[in-house]
Each structure stands twice: as C-alpha cells, then as structure tokens.
1. Just checking, which of Leu235, Leu203, Leu252 is surrounded by 13 or more Cβ atoms within 10 Å (Cβ to Cβ) and either assigned to a loop (DSSP other than H, G, I, E, B) or modelled with pLDDT of 85 or more (or both)?
2. Please specify each residue of the stretch 1-31 satisfying the condition of being of a type in the set (Ser, Thr, Tyr) and modelled with pLDDT of 80 or more.
3. Of all residues in the stretch 99-134, count the ones that are open to solvent by less than 10 Å² (accessible area, probe 1.4 Å) and of a type in the set (S, T, N, Q).
4. Within the stretch 595-629, work out how many residues are in a helix (DSSP H, G or I) and at pLDDT 90 or above.
5. Among the numbered criteria (1) closer than 29 Å to Ser154 by Cα; (2) in contact (Cβ under 8 Å) with a residue 40 or more places away in the chain, which one does His395 miss?
6. Under 6 Å by Cβ, and 6 or more places apart or on different chains, what pairs join a residue from the stretch 48-66 that is farther than 23 Å from Pro104 by Cα with one that is open to solvent by less than 50 Å² (accessible area, probe 1.4 Å) and among the polar types (S, T, N, Q)?
7. With respect to Arg349, is the statement that it is of a type in the set (Lys, Arg) and either open to solvent by less than 50 Å² (accessible area, probe 1.4 Å) or under 30 Å from Gln150 (Cβ atoms) (or both) true?
8. Pick from the stretch 488-546 the residues that are assigned to a helix (DSSP H, G or I) and among the hydroxyl-bearing types (Ser, Thr, Tyr): which of them is surrounded by the fewest Cβ atoms within 10 Å (Cβ to Cβ)?
Amino acid sequence: MTQRLFLVSLGLVAFAIALLGLWPRAGHEANTILLIMLTLLAAGQTAWHWRSALLSRLFLGAALAINTVLIGTFLLPESWVSADHWRALLTGLPGDWYVANIRPPKLILLACLGLSCCALLRMRLGYGAATLLAQTTLVLIFTIVTPPEQSLASMPLIGMDRLTLLIYLAILLLAQWLELLPALTRTWRDTLVPLMIASVITLICLLAWQHQSRNENERIAQETYILGDRIATQLSSEVEGQLAAMRRFAKLWSLMGQTSAREEWERLARNYYNDFSHFMNIAFIDRDSVIKLVFPDEGKNHELLGVRLFDAQPDSPLRNPLELGIEGHTGIIDLLQGSKGMVSYLPVRAPRDDDIFGAVAMVVDLDSLLDHALRAAHSDIFAITLSERGQVFAHVGPESRLAPWGHQIPIELPASNLMLILQPTQHFLTVARGRLPEATLLTGIMLAYLVFMVLYMYRREFQEHHIVEQANNGLKEEMVRREKLQNQLQWLARHDELTRLPNRHFFLEQVHLFKEQMPLTIMILDIDFFKSINDKLGHLEGDRYLQTVASVLKMPVESAGGVLARFGGEEFVVFLPDCPRGVGRILAEELRRNVQAAGLPQPATASVVTVSIGMACLAKEPFALESLLQAADEALYRAKSSGRNQVQVAD
C-alpha cells in the first residue's frame, strides 16, 4: 500500500510539473497539444498505479492516439501528406500554429510512446515491459545529450520548457521501473540476456539515427548555402558588369576630349544608362570636383549640376581619379539624391598629353540593384537580409517561424563589406527533411522489441523443457554435465579461451617434455602498438585482432613441429625442438610476414598491424629455460627499440 501511494504521488507530481511548466502562453500556443498528451499520459499511469484499469486504458489510449498522429507527421512522405496540407488544417486556429510548431522532438515522442505502451501492457514482463522501459531510458538519455537545435522542424523546446519535459519523463519512467522491479528481480535470469541484446540493438539504432540526422542537417544546410552563394555571386556579377561598362565609357569619353559636344555626351551616356536599370545617373566631374554633366538631367539629378563634391562630400574617394589617376569607390553611402547607393569614379584623360581633365561618376541605386538581384529568390520559405556592419539595407521573405540557424555570405563589391544572411523557414525544413532517420529509428526500436520477445519466450520454453527433461533424466544429465565440465576445466587449464591457443602452463609442459631434442629454439612475439588498438578501436576489436594474429601464426608453427602459446596480453611464444638457428630465423621471418599480410589496420601508424620477434636458440646442454626466455626477451626488446616489425636473434 505504501509503495502504491508513492507511485501515485510520483504521477501527480509529474502532472503538476507539466501543467506549471508547459501551460500555453503567448507565442507558445502549440504547447496545448503537448500538454494534453502529457496530461493524459500522467493520468493514465496514475490510474494504473491506483489499480483503476478502465480509466488507465481510456487515458493512455487517448495519449497514444495523439502520440501516433504526431509521429506520423514525421514518417509520412511529403508526397502523401504535404506540409501545405498540414498548414491548411492549422490555419484557422488562433495563435502560432503550424506543423513544425505542434510536434515535439522525435525522441520526446518516442519516450512518451514507450511509457504509454508499457502502461497499456500492464507492465508485464511477458509483454516486453522491461525492454520498453530500457528503450525509453536510452531514448531519454539521448534526449538529454542531443542538442535541441539538431531536431529539425519540431517544437523549439529550450530552456525551462525542455527542462520541465525531461523532469516529467524522468519521474514517470522512475515510477514504472519501481513497479516493474520486483518482477524483474524474480526473473532476471530469463530477462537479462534478451534485455541486453534488445538494448544493444536500440543503442545502435539511436546512434544510426543520430548520424543520419546529422547528415540530413548538413545536407539541408549545404543546399541553403548554395542558394545564398548563388544570390551573392549574382549580385557581385551585376556590379562588376556595370563597372566594366563604365570603364569602357570612360575610355570613350577620354577619346572625345574636353571639347566634345553635350549632345554627344548624352547620346553615349543614354546607351549605357539604358543597358543597366540600376544606374541612378552617370555624371562628368571636372578637375575642381564640380559636376558638369549628368544623365538623366532631370529631377534630383538636375539639382546636382554645379555642385562641388569636395565641399559636399569631403571624404569622397573622388580625389583618387582626379589627383592620382586611379579609380575610386565609395561603398554604400547616403547619396546626394537622398537614397542609399554606391558611386564609382573613373579618371578621364586628355587624348594627346594624357593629362587628367575630369572623372566619370557611376551612381548605382542600392534599392533598385537589390530588388533585381533578390527578385528571383523572393519566397516564403527563405528570409534573406543584406547588411553591412550591423546596418540592414534590405530584407526579403518572412520574419517569423525561421530556423534557429542561417548562413552569412560576404558579397564582393568595391569598397564594401556587404553581407548576405540567408535563413530558411520552419516550413522549408518540414518539406526538405528526409524521412530516413525517423524510419530507421522506429524500425530499429520495433525490431529490438520483437527480438526481446522472441528470445524471452524461447528462454522460457527452453527452461520449461529443460525442467521436464531434467526430471526424467536427472542422473544421466548430471553425469554428462560433470564430465563435460571436467573436460572444459581441463581444457581451460591448458588453453587460452580467447585465442584457443595453449597457455603458459601447457607451454612449459611441452618445453620440459622435449627439452632434450636440441637445438631448441624459443621465440617471443609481441604485437606492435597494441595499446593504441584497444584505446582507439576498443577492447572488443583488440580481442578480434588477437584472434586473427593467433590464427595466422598457428599453422606455420605447428607445421614446423613446434608449439605456439599465448604468453599474456599481446605476447605469444613459440617453442621449436630440434630446430637450428637458421631454420628458426626463416620461420620467424615467415611469421612476421604472415601477420603483416593479414592487413589488420593499425591506428597508431595508419598502416597495418605488425609484430616484433625476439628469438634465442640453445644448441647444447646445459638447458636453462629461464636463461633461454631471458635471451629471447632481450632480443625482442632490441627488435622493439630498433623500429619494430623485425626479427632479432640473441647471440
């Protein structure tokens, strides 16, 4: 009774936390759906702890229905139910409702799904409750360690909202574990292995999902960056094309000289002005910085005639063409006409003596230029902003429901640090994201659950069959088991379980048995840089390396009439009776080459695994095993210190 009250209290606490932390507020109206689902889940679990099965099924069934629909929005292909259909369904609701804002992150939904299913299955081990809770635990751990920004097209659960949700799930998960613990303790022998296998499968699927999600995010980020770079390149090309045209115009004006007629100026300027719609005007400025000619000569442009620019714009780069004979560019400035723009000044020289007698000014209207460059990119799925040193000059697209990330791409313009900022919308992320990560994760979790059930049922049936068989053939099985155990113990006493090779004890027996068959050869083999294999690839991979090395060494040694044994760690030892020094040296080189030819990757050297071999040979009495091993070990040390992957023979 006390435990039941405690579990009910945990459910009520979880409900209160969800209610207080996720209550819908301005800008977070979509929390309503999440709060309804969490409330139903907490109520259903609390009713189960209180042993009210009917209420529990009603609440949990409703929570599971909402959960299934939300998971379906992640899994259904865009061609089946598009994001526009979801948006149409939510358009009429008050507040900030859209498909990416009504669904929690995928891991949150899976955690809620696991809790709901476990409670609906009455937390019975025979229905897989243990594996559901283990999977939910792993999912919750990944929810904690996965950055919130990795969840594309879902609720932006950050700060207190995220903390509230994690505490809520942790409390409900703890309550279910406490209820299941007594049954799990009684049947742990039947449950442990299937549970571990199912947990490993789930962990692999979560890691695969994490990797695929990261790749999917990078793919979408790359696509949006390419779009932004294309816009920036187009904008740069527009300005560069205009500047190239004005350079040609300045050369023509230089050929015309100071005496050219006004009509001829206007005719030439009109041709260039009409080719580029972004020009505000084209002007001619004399050596004293006075504007003499301007086209078109109308409106605010006409008011510029006679203006001395050194007075109106003292910091103008006009001195570059007038005094130094080089181009001058203003970047983005406040034009005399009252708008934003850029001005480029190009020197004009006399055709005969090459003296500077003025400059041609190209005035580009920024609004017109940006409108032309961004017109093709105008869409409701991207927000594009152009700014310089924090000052915004243009913004195209929506200003809300944007992704939490974007790209900043510099635009190459003369004397300007203009930056293009492209930010995708949540709608774009909903449409563009692939379904493979979620499909992989959900399929893997279901597979792990089925594997648990199959293994669990198999173990239960096997146990029952074993009990019946043991009752009928108890004595016979006992004798057979004892005999097998004795054989195993005898084998284990003389062999290494990992490599299946003789161990040190068996090796010493063989040495003493054949010590009179001189000459005797001893080799000690050590895998080079083996510690790096365990550190970087893991001990399981290190065990596999040991098994592979043992397999390539065993056949040559046994063919030569010797004994190969594992001496400890990454060391192997070879004993060859009746083996002269030269023959032993040839065999040692063969063993070294065989290991290298196995092609096992070595992370420490970015090559393959090799061995160093120290060899010692005793040609005549007296026999002293310790001295022979010491000599071989010293030779091994020389092989190691001389660069490894070699054979050294003791003197």
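The values are calculated or read from the model by the stated rules, or taken from the named source; none is laboratory data. Since this is a predicted model, take the numbers as computed values, not measurements. No Cβ is skipped: glycine too gets one built from the backbone with ideal geometry, and neighbour counts run over all protein chains shown. The area values use the complete protein model at the heavy-atom level, side chains included, leaving out ligands, DNA and RNA. Shrake-Rupley method; radii C 1.70, N 1.55, O 1.52, S 1.80 Å.
1. Leu203
2. Ser9
3. Summing the residues that are open to solvent by less than 10 Å² (accessible area, probe 1.4 Å) and of a type in the set (S, T, N, Q) in the stretch 99-134 gives 2.
4. 3
5. (2)
6. Trp48/Ser56
7. No; evaluated as a whole, the condition is false for this residue.
8. Ser532
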